[in-house]
1. On a C-alpha basis, how far is the centre of the range 124-164 from the centre of the range 56-81 in Å? Whole number, if you could?
2. Whenever you get a sec, line up 14, 26, 276 from highest to lowest accessible area (probe 1.4 Å, protein heavy atoms).
3. Tell me, in nm to one decimal, what length is gained between residue 83 and residue 205 on full extension, where the rule is 0.36 nm per residue of separation less the Cα-Cα distance?
4. Quick one: with all protein chains in place, what share of the accessible area of the range 263-311 is carbon or sulfur, to the nearest percent (1.4 Å probe)?
5. In what order, largest first, do 75, 66, 248, 83 sit by accessible area if the probe radius is 1.4 Å?
6. Can you report the principal axis dimensions of the range 85-230 using only the alpha carbons, biggest first, rounded to whole angstrom?
7. At 222 nm, what helix-only mean residue ellipticity would the chain give, in deg cm²/dmol to the nearest 500, using -39500 (n - 2.57) for each DSSP H run of four or more?
8. State the antiparallel share, in %, of DSSP beta bridges confined to the chain, rounding to the nearest 5.
Amino acid sequence: MNASPLSATSGHAVPLRVGVAGLGTVGVGVVEILRNQAALIAARAGRPIEVTAVSARDRSRDRGVDLGGLGWEDDAVALARRDDVDVVVELIGGAEGTALDLARAAFSGGKSFVTANKAMIAAHGPELAAAAEESGLALAFEAAVAGGIPILKALREGLAGNAVGRVYGILNGTCNYILTEMRTTGRDFSDVLAQAQALGYAEADPTFDVDGIDTAHKLAILAALAFGGRPDIDAIHVEGIRHVTIDDIRFAEELGFRIKLLGVARMTGQGLEQRVHPCMVPLSAPIAHVEGVFNAVVAEGDAVGGTMFQGRGAGRGPTASAVVADLIDIARGHGGPAFAVPAFSVPALALGAPAAAPIDAHVGAFYIRLMVLDQPGVLADVARAFATEQVSLESLIQRGRSEVEAVPVVLTTHATSEAALRRALDTIAALPAVIEPPRMIRIENSL
């Protein structure tokens, strides 16, 4: 451990002075942890860590915490210019605008920077990391991925001796809650989404969560650390959970699977495959049993094998906990380049993005649900379309008989290329007896 900085006049450890931008639930959580655990944190950090200034839109709002005696800035960027602030904590959110202006100003003003902002790090991480490196300052963002789960520290430090082959996980608690509730209550997506919004698990506009965008931002950061490059959000194939039905969930259970929204990054012969989408996860896989608002991340190293980290991925306590952990590292003088694994000596702006594997190159098993009219020859036509593309079927389930209404036909495949499967599904979709677009969910048998 580095020696604690000492005041030349008092002989006491010099506090690390923190300015907090954004006093929502997480910002207030940071203030409370630093106060309530002040002695413990000082012992672990080697020096006190104190909030000296804050910024938020409304000074008059009661946030349940005493902010008296703290400096207050209506303009968050002004925190970067204060002499009584050593580290700026940004909890505003958004890839652009005030959050990004504050990050740039912090490094220009000689302040280290801690954030929970996954969108900004995914979009501007290398630029900000380069600014930190040039100034000899810290950029820390543990709270940006999976809340209180210390997965970024694990990749940088605990798994530093491993070549990581794959990292994947449940990275969005809102989606995991919705899929869990659909399975356990039998209600459809729209009903459970409304409940999640009422409980505060989903925003009024849930697009960011349920369409997979939030998970993609987090996966971009995980992949950058795991595989030694810069975040490449544009290389990620993204699908959300809106199209998952209660019928899909029931068929999954019957087949021995559970549906989870996963972010997956793995190195393949075609390059780095990065994808976000619903997956059929075998019930034998531990991640299949991560329920509700919980997150889980699995990192697979060549020496250690698979390691799984599970916990609350969002919320006041977990996210604030990760922010405070970053502050303790800065206080102790620990840390290194923000995107340091495995390329420790490569400056941030020199990091490239690994060659991207297109989603069509993905090889795996698939679940397909068709809604068809129960007519002679339909299954033969479907089987012919798959055979033409050399897609091998593993199982088939047909439910019900009706001469006038569509009935579901569920198929699973052996491992095949996604490009071939999509060609087969295009042919099947054009059959007169197929009355809805085929639904496809990827099966992750190797978890």
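The values are calculated or read from the model by the stated rules, or taken from the named source; none is laboratory data. What you see is a predicted model, and the numbers here were worked out from it, not measured in a lab. Cβ coordinates were reconstructed from backbone atoms using ideal geometry, including for glycine residues, and neighbour counts include every protein chain displayed. The area values use the complete protein model at the heavy-atom level, side chains included, leaving out ligands, DNA and RNA. Shrake-Rupley method; radii C 1.70, N 1.55, O 1.52, S 1.80 Å.
1. Cα centres, the range 124-164 to the range 56-81: 28 Å.
2. Numbers: 14 55, 26 30, 276 0 Å².
Listed by decreasing accessible area, they come as 14, 26, 276.
3. Details: separation 122, 0.36 × 122 = 43.92 nm, distance 3.91 nm.
Stretched out fully, the residue 83 to residue 205 stretch lengthens by 40.0 nm.
4. Values: 930 of 1670 Å².
That fraction is 55 percent.
5. Details: 75 80, 66 105, 248 0, 83 135 Å².
Descending order: 83, 66, 75, 248.
6. Sorted from largest, the Cα extents of the range 85-230 read 55, 37, 21 Å.
7. Details: 12 runs with 142 residues, N = 447.
The helix-only estimate for the chain comes to -10000 deg cm²/dmol at 222 nm.
8. Details: 51 of 75 bridges.
Antiparallel bridges make up about 70 percent of those DSSP assigns within the chain.
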